[in-house]
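Since the structure comes first, as structure tokens, the remarks are kept for the end.
Please treat every number below as a calculation from the coordinates, not as lab data. Given the structure is predicted, the values throughout are model-derived calculations rather than measurements. Note: ideal-geometry Cβ built from the backbone for every residue, glycine included; neighbour counts use all protein chains shown.
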């Protein structure tokens, strides 16, 4: 007992008086203005869903994890969100390990109310099997360094962790569709959570001199303050939670003033969180592309001509299929839908070939595996264009020939179309056969060796098709 | 026989090390140690008055609190706490401040294999940062044994799970002496061969274990160089921490 008392940090009377008298003149110990926040910085860890927040000297780490559990009986369609706060003894010498003290419990409750009860996270999307299995999201908040204002910092850490968290995708399978298969992140891209709004907590400290109030108190100011209030708001102007547990009585006008200040601060912090999360997401997408293009790069070094041909071909195919698409859209033969489907398949299948040899061919999986969408193709296609040029300059007969073939075909088809007058039929047939052949090629292609053969086939077939018609 | 490791290292290669001291403001000493993707944050609160009931009050005692990344504290964490406590007690000079408790708090930031060695290294650096008197530094390393008998150092989490056995070794750091080599060789040899802690998982033969020990000793000389380099410059420019 005595040891614990001996170890607690107590503020001296001089320090207290100094802080109070400085505040009367509107000065704070660290030089801030009364309504200024300390510098907020958010760093993300290596895993999805781990964030570390520095608010001045305060340091909080937030980690989000998920687990499949049974839902609560009164809410069988909703997932659950639970928040665990750990007041680590490393943050403050007075924090004891073991059972959380009352301040730890209060902090957990304030953040819980702000996040869960305001429905910031969409829990209905976390349902897998109604009444049986739902996702339970667990947020662990570790307070690493107590520099004051733990509530705000912990709140930001929880939001940052939730914004970057990805849960594994799962699908229903089995006999009655009752079995749940959880896909590992390598097979299917994990999904982010749906977050409707970001509730931001802003803490005010009141001092015994009635008109003095301070935003974002440091731990020395917290030791001196007479009362505190935390207001959790979002940028839509909703008040998610207000916590004022005892302490100094405060007039109504001051409360209104605080809420107005809190609104502006919440806007600033929301912008900051959104920017850092976006930066993290773009970097993550870039890293994914680097990882996916790595096997292609290895192949390039190993079997140069084949892969380049494939890339060239894929570019050609995309161009052809693009042109086919536009032509076909105008005409609308029965092949149209098949063409557009095939063009999607072409993209999808070229992707799967380079990424996963013999991976799943589902259309849903593949386009989604490229998070960035069209922008993710930009570095790739730039490289391909260069290869394209190099190959066209170098004497690569087959690709040149195939290019010429296509050009000649399209020329021939247009030539034939105009004099014959059965323009529409010609255009429909030749691009259709072309795209059909392209599709069949991609269907047939599973190894790089096969890439060489179909070209020869195409050369022979194409003139015969044109002649035959 | 060469086994290709997933990240392209050869069997004797460690992951990139990084250590930063003085990262926390309230704690008396703190250090963050990262080996590849495994990262651990350690904080030390300097000698506090009193010891716990079952501790010897004639000596200083070390208290370790291990905080996992997520989930509740279970037996694994208790075991780590015990190993860490005994290791640190053997490197601290316990007779200087009797009847005091030094608390070491370890927070796991990310676990990608070799977690306990990383924590030991971090705690050692944090103790130095707090200014706790130590006999010598401790350097910890993990050696794993593949089915083929090949010994690999510093495995990642995937490698640890695949291996037949692995061992955590804690050795004193190598001595940097200004005395000529002859006079210190006898004492030096004894010191350097001392093994502070060894925790094994899985089955390995005696020869394999001794082989691991040799490899570990060779690697710790590199690690202790790194540690020494890392600790030195900051010491000269470090201002005293007041409260």
Notebook entry, point to check: What list of whole percents do you get for P(r) of region A:167-221, with Cα-Cα distances grouped in 5 Å bins up to the one holding the largest distance?
Noted result: 4, 14, 11, 11, 8, 7, 6, 7, 7, 7, 7, 6, 3, 1, 0
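Across peptide B:34-44, what mean number of C-beta atoms from other chains lies inside 10 Å of a residue's C-beta? Mind dumping the intermediate values first?
Working: counts 0, 0, 1, 3, 1, 2, 0, 8, 1, 6, 1.
The per-residue average across the peptide is 2.
Output the peptides B:217-227, A:20-30 sorted from most to least packed, where packing is the average of other Cβ atoms within 10 Å over each peptide's residues. If you can, show how the numbers build up before the last one.
Values: B:217-227: 17.8, A:20-30: 13.5.
The densest-packed peptide leads the list: B:217-227, A:20-30.
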Note to self: How tilted is helix B:75-91 with respect to the longest principal axis of chain B? Cα atoms for both, answer in degrees (0 to 90, nearest 10).
What the structure shows: 70 degrees
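Within 10 Å, count the other beta carbons around each residue, average over each peptide in B:76-83, A:69-76, B:209-216, A:136-143, and list them highest first. Please report the intermediate quantities before stating the final value.
Details: B:76-83: 15.2, A:69-76: 12.6, B:209-216: 18.0, A:136-143: 23.1.
The densest-packed peptide leads the list: A:136-143, B:209-216, B:76-83, A:69-76.
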Checklist line | residue B:93 paired with residue A:10, simple spin-label distance in nm, labels 7 Å along Cα-to-beta-carbon | finding: 3.3 nm
Margin query: Can you give me the angle between helix B:181-193 and the longest principal axis of chain B, using Cα atoms only, in degrees from 0 to 90, rounded to the nearest 10?
Written below: 80 degrees
Margin query: Using only Cα atoms and rounding to the nearest 10 degrees, what angle (0 to 90) does helix B:206-237 make with the longest principal axis of chain B?
Written below: 40 degrees
Check: What nm distance separates the two modelled labels at residue B:79 and residue A:41, each placed 7 Å from Cα along Cα→Cβ?
Finding: 3.8 nm
Margin query: Give the separation of the Cα centroids, region A:23-67 to region B:96-143, in Å.
Written below: 27 Å
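Across all directions of projection, what mean area in square nanometres is found for the Cα convex hull of region A:1-98?
On the way: hull surface 46.3 nm².
It is 11.6 nm².
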Notebook entry, point to check: GNM, chain B, Cα, under 10 Å: largest mean-square fluctuation among B:13, B:35, B:107?
Noted result: B:13
Checklist line | Shielding by partners - mean other protein chain Cβ count within 10 Å, residues of A:266-276 | finding: 0
Note to self: Run the helix sum for chain B: -39,500 (n - 2.57) per DSSP H stretch of 4+ residues, divided by residue count, reported at 222 nm to the nearest 500 deg cm²/dmol.
What the structure shows: -11500 deg cm²/dmol
Margin query: Could you order the peptides B:48-56, B:151-159, A:84-92 from most to least packed, using the average number of other C-beta atoms within 10 Å per residue?
Written below: A:84-92, B:151-159, B:48-56
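Can you pull the mean other chain C-beta count within 10 Å for peptide B:18-26? Could the numbers behind the result be given before it?
Numbers: counts 0, 0, 0, 0, 0, 3, 8, 9, 15.
Across the residues of B:18-26, the mean count of other-chain Cβ atoms within 10 Å is 4.
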